[in-house]
Amino acid sequence: LFGNDSSGDISMAVGVEWHKDSMLANPDSSNQIGTNNGFPFDGDRSVTSEFVELQIPFIPKLLEVQMAARHENYSDFGDTTKMKLAFGSQLTPFLKLRGSYSESFKAPDLAQLFGGGVTATAAILDPKNPSAPSQKYKRIIGSNSNLKPQQGEVYYAGAVVDLGKLVS
């Protein structure tokens, strides 16, 4: 390209992954009433994924591109495929530019979905009537099995300045 010899080697990485996550809690039931011991819960999930990544040098030191894709299957949320595109450019011996665009996916943690709950009481003062005695209220703090995965886009741009090469 542009009269140059080969830009370098194209590299590729591929991989697969499988994992299973599980949580189980059986707190002492005699301590559940009026304490912070929590409620019983359990949850599990398995995830399989595959990925491929290509790194392609287009112009020696001036332009290198990386492309990647990852497919995942969650037993509780289904399939998702996310992409990444990145570049690097060594403009001068002391300056390198980098940038990328990628998509993200994060399933809720098992504790957020199935994490049982905690019972607590709190004494609350009435701010409009501070001379009144505090009132006790029971609170139950728990998980939410209706949570959905988070998805997003990530943009990155940066520069690397090698001061050793700049001043020498």
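Considering only Pro133, Pro60, Pro149, give the residue with the highest GNM mean-square fluctuation for the chain, with springs between Cα atoms whenever their separation is below 10 Å. The residue with the greatest mean-square fluctuation here is Pro133. Set the Cα radius of gyration of the chain against 2.2 N^0.38 Å, with N its number of residues, and you get 1.72. When nucleic acids and ligands are ignored and a 1.4 Å probe is applied, Arg139 ends up with an accessible area of around 120 Å². Each stretch of four or more DSSP H residues adds -39500 (n - 2.57); spread over every residue of the chain, this sum gives -1000 deg cm²/dmol at 222 nm. The residues Tyr156, Tyr74, sorted by heavy-atom accessible surface at 1.4 Å with ligands and nucleic acids left out, run Tyr156, Tyr74 from largest to smallest. Among Met67, Met83, Met23, the largest mean-square fluctuation in a Gaussian network model of the chain (Cα springs under 10 Å) belongs to Met23. Among Gly158, Gln135, Leu91, flag the residue with its Cα farthest along the positive direction of the charge dipole of the range 67-167, charges on Cβ as +1 for Lys/Arg and -1 for Asp/Glu. Value: Gln135.
GNM on the chain, alpha-carbon springs under 10 angstrom: the most fluctuating residue among Phe94, Phe41, Phe51 is Phe94.
State which entries of Lys106/Lys148; Lys96/Lys165; Lys84/Lys148 exceed 19 angstrom in Cα-Cα distance in the structure shown. Going by Cα-Cα distance, Lys84/Lys148 fall outside the 19 Å limit.
The values are calculated or read from the model by the stated rules, or taken from the named source; none is laboratory data. Predicted model only: the values in this text are computed from it and were never measured. Every residue, glycine as well, gets a Cβ built from its backbone with ideal geometry; the counts of neighbours run over all protein chains shown. Ligands, DNA and RNA are excluded from the accessible area calculation, which covers all protein heavy atoms including side chains. Shrake-Rupley method; radii C 1.70, N 1.55, O 1.52, S 1.80 Å.
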